Amino acid sequence: MLVEFQTGEGNRHVVLSLKPDAVSVSLDEVEVYSFDREGRLLTAWVNDHTYVRTLDNRIIKKWRDPDRRRPWKLIEALSAPDRQRFLNQVWARMNDLSRDRLQSVSPPADASVKQARAWLSKIAAWDSERLEQERERFNSVYTPVSILPPDQYFALVLQATEGCHWNRCTFCHFYRHCRFRIKSDEEFGQHIKAVTAFFGDAIGLRRSTFLGDANALVMPQEKLLTILDRVNQAFAITPKSGSDGRHSFQGIYSFIDAFSGDRKSEADFRSLQARHLQRVYVGVETGCDELLKFLNKPATAQQALETVATMKRAGLQVGVIVLIGVGGDYYNQSHVEQTIKLLNAMSLRQGDIIYFSPLYEEPTSAYAQRAAEARIRSLTDRERHEQLTAIRSGLRFPSDSQPKVSLYDIREFVY
Ligand code: SF4
């Protein structure tokens, strides 16, 4: 529902878009801010730049390359002083609005004007200091949520495990900070309670649940069934509905790696699917076995193929993630050829997703060191773009049931 105002002095046009779980506030159509049901900033759009606030109160700024040479966006995290300055500016605007004698423009109904004013007061009750305290609250509930697939940024993350049980792929730094462990039943129950309290009213914005961390599905099957039962007891999960208007989650989502995924049978995956596991994401990276070895990823293309085939036979949707630029000039051709071959063999269909993720080389990573030793040159932006185009143009799927194909820029990740 849209509610329009003029500021008391008539110099600003303000539009509030009220939704059950969020509100957006537009000022003269040149600045737009959105807030969750608790009144915490979600996003801002100012001067053609998008700002996204993470749950641990970092601000990520994104904008388009002005000459559009790159398909990926330019991204930076604001420094602490810049973050504070930015949040202070946002709240100066919101405080002005909440105190203003706003005049309704063609008012829809008294109730919605009242509702709009109530939202503004709720938002104005926050400020940069109080938001800063959210970081501590977040860190008391979660170990860092290192990465999610892009379609899961609005998931309710539930960390049944922490870290990655392998943690030795040369290009991956996501879980270096922690040792892999599986939470006990009781600890997971406490975690669910803490997560629910942290989100509060804003939980309605979360569309799905994501079982973290890196490869949570690696845990023993019996334990996994108990964990999924707990998730189903705690939350309403109705994959195909939403018709009665009550909030429910669309399903449970998670990562698995190809080298442990092939330890699960079709029957195992069916039992998980019966407990609302909906889609599983596999970091396939490449179809080239030699390159997988170079990355120290203990999987083969054949294992990835089998893991995906087993999950699909069990009725699960699959997300496969392929790296772009990995292996530099040396592996460029084999990466393109073998990846096309692998993806085309996977029988991916509507409901499945292929993500192409540009590799960002950490200069101090084991990957960068190995590449330097082997005299492998990193691909330029243009060459990475060409590699992406080459792989995409080699993909063949039935025209009436195609998987979604999308970019996965890990720098854009926010939670
Ligand atoms: S790429 Fe996946 S399996 Fe490899 S270390 Fe990272 S999270 Fe673990």
So, with points 7 Å from each Cα along the Cβ direction, the Glu222-Asp110 label distance in nm works out to 6.4
Taking a ≥ b ≥ c as the square roots of the eigenvalues of the Cα gyration tensor of the chain, is the shape rounded (a/c under 1.5), prolate (a/b larger than b/c) or oblate? prolate
How do Leu295, Leu148 rank when sorted from fewest to most other Cβ atoms within 10 Å of their own Cβ? Leu148, Leu295
Using a cut-off of under 18 Å, list every residue of the stretch 103-143 whose amide N is near the label point 7 Å from the Cα of Arg85 along the Cα-to-beta-carbon line. 128-129
Using a 10 Å cut-off around each Cβ, can you sort Asp48, Asp96, Asp67, Asp257 from fewest to most neighbouring Cβ atoms? Asp67, Asp48, Asp96, Asp257
How far apart, in nm, are two points set 7 Å out from the Cα along the Cα-to-Cβ line at Glu186 and at Asn296? 3.7
Counting only residues 5 or more places away or on other chains, whose amide H sits under 5 Å from the amide H of Phe249 once H atoms are built in the peptide plane? Ala236, Ile237, Thr238
Which one, Thr7, Ser26, Val284, is farthest towards the positive end of the dipole of the chain when Lys and Arg carry +1 and Asp and Glu -1 on their Cβ? Val284
In a Gaussian network model over the chain where Cα atoms closer than 10 Å are linked, find which of Gly212, Gly325, Gly351 has the largest mean-square fluctuation. Gly351
Once amide H atoms are placed 1.01 Å from N in the peptide plane, what residues at a sequence separation of 5 or more from Arg12, or on another chain, have their amide H within under 5 Å of its amide H? Thr7
Choose one of Ala197, Gly212, Ser146: the residue whose Cα lies farthest towards the positive end of the charge dipole of the stretch 145-214 (beta-carbon charges +1 Lys, Arg; -1 Asp, Glu; about the Cα centre). Ser146
Among all cysteines in the chain, which have no other cysteine Cβ under 4.7 Å from their own Cβ? Cys164, Cys178, Cys288
Per GNM of the chain with C-alpha springs under 10 angstrom, the most fluctuating residue out of Val32, Val326, Val157 is Val32
Nearest 500 deg cm²/dmol is fine: what mean residue ellipticity at 222 nm does the chain get from its DSSP H runs of n ≥ 4 alone, each adding -39,500 (n - 2.57), divided by its residue count? -11500 deg cm²/dmol
Cross-link reach list, lysines versus Lys223, counting only Cα pairs under 25 Å and skipping chain neighbours closer than eight places: Lys183, Lys193, Lys264, Lys312
In a GNM of the chain with a 10 Å cut-off on Cα contacts, which of Gln250, Gln103, Gln338 has the highest mean-square fluctuation? Gln103
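If each residue's Cβ is checked for other Cβ atoms within 10 Å, how do Phe138, Phe154, Phe171, Phe210 rank with the fewest at the top?
Phe154, Phe138, Phe171, Phe210
Treating only the Cβ atoms of Lys and Arg (+1) and Asp and Glu (-1) as charged, compute the dipole magnitude of the chain about its Cα centre; round to the nearest 20 debye.
That gives a dipole near 340 debye.
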Helix 221-234 versus the longest principal axis of the chain: what is the Cα-based angle in degrees, 0 to 90, to the nearest 10? 10
Can you list the HN-Hα couplings for the stretch 246-262, worked out from phi with the Karplus curve (6.51, -1.76, 1.60; θ = phi - 60°), rounded to whole Hz and with x for Gly and Pro? 7, 5, 8, 8, 6, x, 10, 10, 6, 9, 9, 9, 5, 7, 10, x, 6
quick note, the stretch 142-412, DSSP beta bridge pairs, % antiparallel (nearest 5) is 5
Between Gln103 and Ala372, what is the label-point separation in nm under the 7 Å Cα-to-beta-carbon projection? 6.6
From the backbone phi of the stretch 45-51, what are the Karplus-calculated ³J(HN,Hα) couplings (6.51 cos²θ - 1.76 cosθ + 1.60, θ = phi - 60°) in whole Hz, Gly and Pro given as x? 10, 9, 6, 6, 10, 9, 10
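All of the numbers you see were taken from the coordinates with simple rules; none came from a lab. Please read all numbers here as calculations on a predicted model, not as lab measurements. Note that we place each Cβ from the backbone using ideal geometry, even for glycine, and neighbour counts take in every protein chain shown.
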